[in-house]
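The values are calculated or read from the model by the stated rules, or taken from the named source; none is laboratory data. None of these values were measured; they are calculated from a predicted model. Methodologically, a virtual Cβ is constructed for each residue, glycine included, from the backbone with ideal geometry; neighbour enumeration extends over all protein chains shown. Keep in mind that these areas ignore ligands, DNA and RNA; they rest on the heavy atoms of the full protein, side chains included. Shrake-Rupley method; radii C 1.70, N 1.55, O 1.52, S 1.80 Å.
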Amino acid sequence: SKLAALFEHPLYNIPVPEVTEKDKLFIVNPMEKFSLSSSGSDEWVSSSKAETLLPTGKTAYDTYPTWLKFHVGINRYELYPRRDPLLPTLLRDLASQRIISSVQKSGGTQLKLIMTFPNYGQALFKPMKQTRDQETPIDFFYFSDFERHNAEIAAFHLDRILDFRRIPPVSGRLVNITKEIRDITTDKKLAKTFFISPAGNVCFYGECSYYCSTEHALCGKPDQLEGSMAALLPDKSLAKRRSWRSPWRRSYHKSRKAEWELNPNYCAQVRQTPPYDRGHRLLDLIDMTILDFLMGNMDRHHYETFEKFGNDTFLLHLDNGRGFGTHSRDELSILAPLQQCCSIKKSTYLRLQLLATQPYRLSDLLREALAVDPLTPVLAEPHLRALDRRLGKVLAAVGHCLAR
């Protein structure tokens with residue numbers, strides 16, 4: 001396994017700083033059992049009525065469902081540890097646990113569903129909108145592109161291979177539209193959009209600002225539909241997140257350009273603006289830029305951080321559905337922060353160099369990681385080959401900076 005060898009490499013064993021109590025997202029008493037609050041919400045609270053007797057040698061933590069263990073493990077430095085024993089179980093849960101509720105997620109431009117499991121875990125479901133080998137048409141603007149379920153799955157694994165670990169776990173899943181969405185939804189607006197197509201397939205389209213119409217309906221075969229299931233982060237009422245507008249945000253306009261596209265010295269301006277004027281925030285943003293360039297994602301207008309950790313924490317790489325849309329073109333403008341600032345973390349640069357070598361070739365590692373997903377093959381081969389080509393361009397951009 002190339003993947004196992006990669007995670008044994010010294011560059012993947014650089015220790016994270018010691019995690020103190022204040023570095024944890026949640027402070028949990030390991031002897032205290034948790035139960036669902038009686039208000040009927042999906043919020044977990046400490047339970048005084050819970051049984052105090054636990055099996056010998058077990059702590060209350062051992063009784064938590066996997067999703068709750070994932071939430072409890074989040075800290076200032078990482079969303080989940082490198083060698084996280086929970087990860088295989090969490091991915092398996094996302095792919096196979098019984099779905100007891102499906103409702104449409106509010107907001108966003110395209111249709112997404114929130115699915116709930118019997119243990120109160122929840123996942124974000126993005127349905128399949130196009131086949132693996134369809135490329136985004138060249139005349140499409142980035143802001144009118146489809147969101148792809150397989151891009152969400154591949155982005156999670158790519159983020160882990162780059163050792164960022166800033167995307168919540170995602171698994172592919174085959175969902176039965178009739179039994180796992182239509183028959184159990186309490187969402188009246190969603191329920192009104194189901195129909196049977198002329199081919200006899202079960203379809204629905206929901207309500208949203210893009211692609212929610214009969215012409216863009218999501219149809220099963222006859223009711224089986226592929227999608228990505230992403231573990232949800234803790235509810236914002238329990239762990240506030242702050243949304244930051246990216247300084248290199250695109251204009252989202254058909255003809256207008258953003259300031260960074262017109263001003264070659266734009267980075268000097270960013271470096272003087274909080275929160276980029278101190279700490280490693282700018283370097284973290286450049287990490288995210290590299291991830292986006294590798295998968296061809298032009299849609300990174302905002303990013304989020306956990307409010308509790310202030311400026312000194314990682315960026316959450318959420319919403320990656322517009323990645324992996326084209327393999328035949330490389331969008332170099334995504335690399336603008338790296339090219340304009342000529343800055344990169346040493347650890348990131350060393351890992352990128354490693355991933356360009358034969359024993360640890362990036363495409364081979366991602367192919368291996370995706371082979372265990374229920375929807376394998378997740379990416380068409382040309383997308384995997386494009387990763388190696390794009391990695392070469394990232395390293396060339398750093399080389400150009402070093403030469404300057």
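Tell me which DSSP H helices of the chain clear both cut-offs, 24 Å or more of axial length from alpha-carbon atoms and a mean Kyte-Doolittle hydropathy of at least 0.0. Spell out each step's value before the answer.
Details: long enough: 381-403 (34 Å, 0.17).
In the chain, the long hydrophobic H runs are 381-403.
Taking only C-alpha pairs under 8 Å that are 6+ residues apart, what is the relative contact order of region 269-343 in percent?
Numbers: 70 pairs, mean separation 27.7, N = 75.
Across region 269-343, relative contact order equals 37 percent.
Using 1/(1 + (r/R0)^6) with R0 = 30 angstrom and r between the beta carbons of E331 and L174, what's the FRET efficiency to the nearest 0.05? Working shown, then result.
Details: r = 31 Å, r/R0 = 1.05.
Computed FRET efficiency for E331 and L174: 0.45.
Can you give me the three principal axis dimensions of the chain from its C-alpha atoms, in Å, biggest first?
Dimensions of the chain along the principal axes of its Cα atoms: 64, 58, 42 Å.
So for the chain, averaging the separation of alpha carbon pairs under 8 Å that are six or more residues apart and normalising by length, what relative contact order in percent results?
Details: 653 pairs, mean separation 70.1, N = 404.
Across the chain, relative contact order equals 17 percent.
Once you have a ≥ b ≥ c as the square roots of the Cα gyration tensor eigenvalues for region 346-404, tell me rounded if a/c is under 1.5, and otherwise prolate or oblate according to whether a/b is larger than b/c. Walk me through the numbers before you get to the answer.
Working: a/c = 3.23, a/b = 2.23, b/c = 1.45.
Taking the square roots of the gyration eigenvalues as a ≥ b ≥ c, region 346-404 is prolate.
At a Cα cut-off below 15 Å, give the aspartates and glutamates reachable from K105, other chains included and same-chain residues fewer than 8 away excluded.
The qualifying aspartates and glutamates are E147, D187, E207, D235, D319.
Please name whichever of P168, I153, I99 sits farthest to the positive end of the charge dipole of region 74-169, dipole taken about the Cα centre and charges placed at Cβ: Lys and Arg +1, Asp and Glu -1.
The one lying farthest along the dipole's positive direction is I99.
Please give the calculated 222 nm ellipticity per residue for the chain, where each DSSP H segment of at least 4 residues contributes -39500 (n - 2.57) and the sum is spread over every residue; nearest 500 deg cm²/dmol?
Working: 12 runs with 114 residues, N = 404.
-8000 deg cm²/dmol, from helical runs alone.
Heavy atoms only, probe 1.4 Å: what % of the accessible area of region 171-223 goes to carbon and sulfur, would you let me know?
Values: 1540 of 2910 Å².
Ligands and nucleic acids excluded, carbon and sulfur give 53 percent.
Would you look at the GNM of the chain, springs on alpha carbons closer than 10 Å, and say which of D187, D159, D84 moves the most?
In this elastic network of the chain, the residue with the biggest mean-square fluctuation among D187, D159, D84 is D84.
Considering only DSSP states other than H, G, I, E and B, which trypsin sites (Lys or Arg not before Pro) in region 238-281 qualify as loop sites with at most 13 other Cβ atoms within 10 Å? Spell out each step's value before the answer.
On the way: sites: K240, R241, R242, R245, R249, R250, K254, R256, K257, R271, R278, R281; in loops: K240, R249, R250, K254, R256, K257, R278.
Here the sparse-neighbourhood loop sites are K240, K254, R256, K257, R278.
Calculate one ³J(HN,Hα) per residue across region 270-280 by plugging θ = phi - 60° into the Karplus curve 6.51 cos²θ - 1.76 cosθ + 1.60, and present them in order as whole Hz with x for glycine and proline.
4, 4, 9, 9, x, x, 7, 8, 7, x, 10
If you average 1/r across every pair of different Cα atoms in region 241-403 and take the reciprocal, what Kirkwood value do you get, in Å?
Details: mean 1/r = 0.0591 Å⁻¹.
One decimal place: 16.9 Å for the Kirkwood radius.
List the trypsin sites (Lys or Arg not before Pro) within region 148-190 that fall in a DSSP loop (any state other than H, G, I, E or B) and whose Cβ has at most 12 other Cβ atoms within 10 Å. Working shown, then result.
Details: sites: R148, R160, R165, R166, R173, K179, R182, K188, K189; in loops: R148, R165, R166.
In loop regions of region 148-190 (DSSP not H, G, I, E or B), there are no sparsely surrounded trypsin sites (Lys or Arg not before Pro).
Taking 7 Å along the Cα-to-C-beta vector as the label spot, tell me the Q269-R245 distance in nanometres, rounded to one decimal.
1.2
Mind listing which chymotrypsin sites (Phe, Trp or Tyr not before Pro) in region 306-404 are in a DSSP loop and have 14 or fewer other Cβ atoms within 10 Å? Don't skip to the answer; put the middle values down first.
Values: sites: F306, F309, F314, F324, Y349, Y360; in loops: F314, F324.
For chymotrypsin sites (Phe, Trp or Tyr not before Pro) across region 306-404 that sit outside H, G, I, E and B with at most 14 neighbouring Cβ atoms in 10 Å, the list is empty.
Just the accessible area per residue of the chain, please: how many Å² with a 1.4 Å probe? Present the calculation step by step, with values, prior to reporting the outcome.
Numbers: 18970 Å² over 404 residues.
With all protein chains present, the chain gives 47 Å² per residue.
Whole Å is fine, so just give me how far the alpha carbon centre of region 98-123 lies from that of region 327-357.
Here the answer is 35 Å between Cα centres.
Carbon and sulfur: what percent of region 241-403's accessible surface (1.4 Å probe)?
Working: 3660 of 7070 Å².
Here carbon and sulfur together make up 52 percent of the probe-accessible area.
Note down the magnitude of the dipole of the chain about its Cα centre, charges +1 on Lys and Arg C-beta and -1 on Asp and Glu C-beta and zero elsewhere, to the nearest 20 debye. The partial results should precede the final answer.
On the way: 55 positive and 46 negative charges, 110 e Å.
That gives a dipole near 520 debye.
Is any residue of region 113-130 close enough, with backbone N under 19 Å, to a label point placed 7 angstrom from the Cα of R98 along the Cα-Cβ axis, and if so, which?
Of the residues in region 113-130, 115-123 have backbone N under 19 Å from the label point off R98.
Looking at this model, which pairs from K236/K345; K126/K254; K22/K112; K2/K254; K126/K236; K24/K393 are more than 32 angstrom apart at the alpha-carbon?
Details: K236/K345 30 Å; K126/K254 27 Å; K22/K112 34 Å; K2/K254 43 Å; K126/K236 21 Å; K24/K393 37 Å.
Distance filter (> 32 Å) returns K22/K112; K2/K254; K24/K393.
Starting from the Cα-Cα distance between A4 and L350, subtract it from 0.36 nm times their residue separation and give me the gain in nm to one decimal. Spell out each step's value before the answer.
Working: separation 346, 0.36 × 346 = 124.56 nm, distance 1.82 nm.
Length gained, A4 through L350: 122.7 nm.
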